[in-house]
Amino acid sequence: MKVMIVVTHLLGTGHLSRALTLGRAFQTAGDRVQIVSGGFPAPQLDTDGIELVQLPPLRSDGVNFTQLLNARDDLADAAYHQQRQAMLCQALHQQRPDVLITELYPFGRRALRHEFLILLQAAKALPQPPKILASIRDILAPPSKPEKATKADQVIADFYDGVLVHSDPQATRLELSWPVSDMLADKLHYTGFVAPSPAGPHPNAEGEGEILVSAGGGSVGDEIYHCALAAAQQMPDYPWRLLVGGSDAEARIARLSQIPSPARIEPTRPDFRQMLSHVAASVSMCGYNTALDLLQAEAPAVLIPFDAGKEVEQSLRAKSLTPLPGFEAIRTADLTPERLIEAVKKVVAAPRRSAARFQFDGARRAVEIAHDLAQPQAGTQV
């Protein structure tokens, strides 16, 4: 079976990371997979063995997702968008997939709705149209107006055969963050969480006993880093290490290094997930992939959800995790070195939780659902 996954990450790299995990699961099942990425390249992610088509990249202007910047950091114009649309349709016609998956759209990426609609219309016009699925995480950014959910429903009704919800319904249902109509409910397929295989311990026990501070692969999180540098001065009995991401990581590290602190500062690392098995505590945001990494590693964690602008997704996820042992959450507005230290001490002292209660095989289950739907007779609702 041929599968095409279309994804555009605009701020962090979590969307692309999840698409890659899903793509590898299809490959394991013997499928030919092509991932079309419309965000900026993310060299820290492992793309080995994946057929990756890179569109002219876009990123958001900070948390303003209605203003999209091109590779030169200028506002993307109509010609730039048309170039992306042409490449997207060319990839579709060359691949002629049996299954087409759009990551997040139409529940998000509304600023790119024209290119997605052109893709969907082109897919429906193929001699053998693919089954079309949406792929969404556990918690979405709730629609700011009811008509946004109504429009998403219309696109789903017109084009989509199913919606893959990458969540364990016993933990988080889509209704927590998105209004689910009767039509949409009939299209939903819960897969469980989409996570790569557990990383396991680090061969060199990197991170042993440390407070490991991270903020994902994007150019955000400076408030967390500044607070951690100050906290490290006041908590010298633990070594602190900051992992800094983003395309401007080198410049950010240089600026942070000017602040007096015993903390170690370095770029994001590909062995981050392995390090989590050894840390005294993690301090991080609460994106989908980060949350799963923490759950799999059973790491004590202080969560500082990304809540700039109108973002609420990470706050909702953190709220769902904090009843578990070894999780504490702090709002960005409440973040101080003293509160961070207090939270770190709480999670370090908390009982160790077990990862056994959670379903992390969502990628495998998503493949099964897609295979069922791609058969002449559709698979049953899950």
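The values are calculated or read from the model by the stated rules, or taken from the named source; none is laboratory data. Note that the coordinates shown come from a computational prediction; the quantities given were computed from them, not determined experimentally. Cβ coordinates were reconstructed from backbone atoms using ideal geometry, including for glycine residues, and neighbour counts include every protein chain displayed.
Using the structure shown, decide if Phe306 is at pLDDT 95 or above and of a type in the set (Phe, Trp, Tyr).
No: the conditions fail for Phe306.
How many residues, within the stretch 220-248, are aromatic (Phe, Trp, Tyr) and part of a loop (DSSP other than H, G, I, E, B)?
The total comes to 1.
Only residues that are among the β-branched types (Val, Ile, Thr) and at pLDDT 95 or above: list them for the stretch 185-213, please.
Those that are among the β-branched types (Val, Ile, Thr) and at pLDDT 95 or above: Thr191, Ile211, Val213.
Looking at the stretch 77-99, which of the residues that are in contact with a Leu (Cβ under 7 Å, 6 or more places away or on another chain) and either within 14 Å of Arg32 (Cα to Cα) or modelled with pLDDT under 95 (or both) is surrounded by the fewest Cβ atoms within 10 Å (Cβ to Cβ)?
Top of the filtered list is Arg96.
I'd like the full set of residues that are of a type in the set (S, T, N, Q) and over 17 Å from Val220 (Cβ atoms), limited to the stretch 242-261.
Result: Ser257, Gln258, Ser261.
Could you name every one of the helices (runs of 4 or more DSSP H) located completely within the stretch 283-382 that has at least 3 residues being in the same structural domain as Met235 (by TED's automatic domain parsing), under 22 Å from the mean Cα position of the chain (by Cα) and of a type in the set (Lys, Arg)?
none
Can you name the residue in the stretch 100-118 that is out of contact with any Ser or Thr (no Cβ under 7 Å at 6 or more places or on another chain) and part of a helix (DSSP H, G or I) and is also surrounded by the most Cβ atoms within 10 Å (Cβ to Cβ) among such residues?
Glu115
Which residues, counting only those in the stretch 134-152, are among the charged types (D, E, K, R) and either out of contact with any Phe, Trp or Tyr (no Cβ under 7 Å at 6 or more places or on another chain) or assigned to a helix (DSSP H, G or I) (or both)?
Lys145, Glu147, Lys148, Lys151
One residue is enough: does the stretch 258-273 have a residue meeting the conditions under 29 Å from Glu103 (Cβ atoms), of a type outside the set (Ser, Thr, Tyr) and buried (at least 20 other Cβ atoms within 10 Å of the Cβ)?
yes
Of the conditions (1) surrounded by 15 or more Cβ atoms within 10 Å (Cβ to Cβ); (2) touching a Phe, Trp or Tyr at 6+ places or on another chain (Cβ under 8 Å), His189 clears all except one; give me its number.
(2)
Taking into account only those residues within the stretch 155-177 that are of a type in the set (Asp, Glu) and surrounded by 18 or more Cβ atoms within 10 Å (Cβ to Cβ), which is nearest to Leu188 (Cα to Cα)?
Only one residue tops the list, namely Asp161.
Checking the conditions here, which among Arg317, Arg353 is basic (Lys, Arg), in contact (Cβ under 8 Å) with a residue 60 or more places away in the chain and touching a strand residue (DSSP E or B) at 6+ places or on another chain (Cβ under 9 Å)?
When all the criteria are applied, what remains is Arg317.
If Ala251 satisfies every condition in (1) hydrophobic (A, V, I, L, M, F, W, C); (2) more than 20 Å from Ala355 (Cβ to Cβ); (3) at pLDDT 95 or above; (4) not in a loop (DSSP other than H, G, I, E, B) but one, which is the exception?
Failed condition: (3).
Would you mind stating whether Gly209 is touching a helix residue (DSSP H, G or I) at 6+ places or on another chain (Cβ under 6 Å), of a type outside the set (D, E, K, R) and part of a loop (DSSP other than H, G, I, E, B)?
no
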